[in-house]
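J.: The structure that follows is given in the form of structure tokens.
Only the coordinates and a few stated rules stand behind these numbers; no lab work does. Note that this is a predicted model, so its numbers are computed, not measured. All Cβ positions, glycine included, derive from the backbone under ideal geometry; neighbour counts span all protein chains shown.
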Amino acid sequence: MAPGPHGSGATAPALTVTGLGKRYGGVQAVDDISLTLAPGERMGVIGPNGAGKTTLFKMIAGDVPPTAGAIELFGRDVTRVDASRRARLGVGRTFQVSNLFREMTVLDNVRVAARGGSPQARVFWRTQGLRDDVTTRALEMLDSVDLVDRRDDTVADLSHGEQRQLEIAMALVTDPRILLLDEPAAGLSAVERTTLRELVEALPRTLPILLIEHDMSLALGLTDRVMCMENGHHVVTGTPAEVREHPTVKEIYLGRRDKK
Ligand SMILES: Nc1ncnc2c1ncn2[C@@H]1O[C@H](COP(=O)(O)OP(=O)(O)OP(=O)(O)O)[C@@H](O)[C@H]1O
Ligand SMILES: [Mg+2]
């Protein structure tokens, strides 16, 4: 996507989150979180269940409004901009809970994503006919995630790992300027994790990525910096090496693993 008329050019951070908070009734899901993602930077977001990671993503994508703080994308304040407009500004994402159309083919899922991702969009292209460039682009994206041979299979026939690959293709086909991945490796086998890791590593280095991941080797191995959250709060942000050595992070991850 070309820089929009509202962006302030290549030098602005891809994302700036300032003092962000979200309260659900009595639950402070996210509390005073700030972060900056530089152009082309890859940042991991880690933390135990309920830390507020997905809620943070939902606020960045525009699914839920924050109760405090501000969000800037490419130098533009989007705190009050809705999710579909943020998607058009270049926010691409995958979901912790899959949003695939399971009864449709692999190729059709990517075509729907290319047209905005809603069932309405699906009706639109059925009635209007499919533009060849949409199909061509969808096939390119499937090729980039190694699924082009599965294009005519239905989603239900894909393995869990292949479904995760498809979700990344669906995010990429919108030509995002920033990519939010919410636990892309959750539930994957060791082999599937390796495939996913290689796929994320091979994404363009110019594409900024925010990656939520419980798998520490992925969260730390795929990113330039990592932020750890716990109970909605910020714990630490640093290089993977710094975060790995942080006492609270050790307690959260190693402490828990020792108990198993
Ligand atoms: N829609 C909601 N209504 C009420 N509480 C919510 C809602 N969404 C999230 N929460 C609460 O906010 C807190 C943070 O949840 P969130 O899903 O952001 O955590 P998470 O870090 O993504 O956890 P996980 O690793 O399990 O995915 C939790 O206590 C959760 O129960
Ligand atoms: Mg989550």
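J.: Select from region 131-155 the residues that are closer than 15 Å to residue 104 by Cα, among the charged types (D, E, K, R) and outside any loop (DSSP other than H, G, I, E, B) and list them in ascending order.
T.: Passing the criteria: only 150.
Each row is one residue, and each column tells you yes or no for (1) within 16 Å of ligand 1 (Cβ to nearest atom); (2) under 21 Å from residue 60 (Cα atoms); (3) surrounded by 14 or more Cβ atoms within 10 Å (Cβ to Cβ); (4) under 14 Å from the mean Cα position of the chain (by Cα).
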position	(1), (2), (3), (4)
182	yes, yes, yes, yes
212	yes, yes, yes, yes
221	no, no, yes, no
228	yes, yes, yes, no
246	no, no, yes, no
252	yes, no, yes, no
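J.: Name the single residue that is farthest from residue 31 (Cα to Cα) among those in region 64-99 being without any contact (Cβ under 8 Å) to a residue 60 or more places away in the chain, of a type in the set (Gly, Ala, Ser) and part of a strand (DSSP E or B).
T.: Going through the qualifying residues, I end up with 70.
J.: Within region 48-63, how many residues turn out to be assigned to a loop (DSSP other than H, G, I, E, B) and either under 16 Å from residue 95 (Cα atoms) or within 9 Å of ligand 2 (Cβ to nearest atom) (or both)?
T.: Taking region 48-63 as the starting set, the residues that turn out to be assigned to a loop (DSSP other than H, G, I, E, B) are 48-52, 62-63.
Filter again for either under 16 Å from residue 95 (Cα atoms) or within 9 Å of ligand 2 (Cβ to nearest atom) (or both), leaving 49-52, 62-63.
Summing the residues that are assigned to a loop (DSSP other than H, G, I, E, B) and either under 16 Å from residue 95 (Cα atoms) or within 9 Å of ligand 2 (Cβ to nearest atom) (or both) in region 48-63 gives 6.
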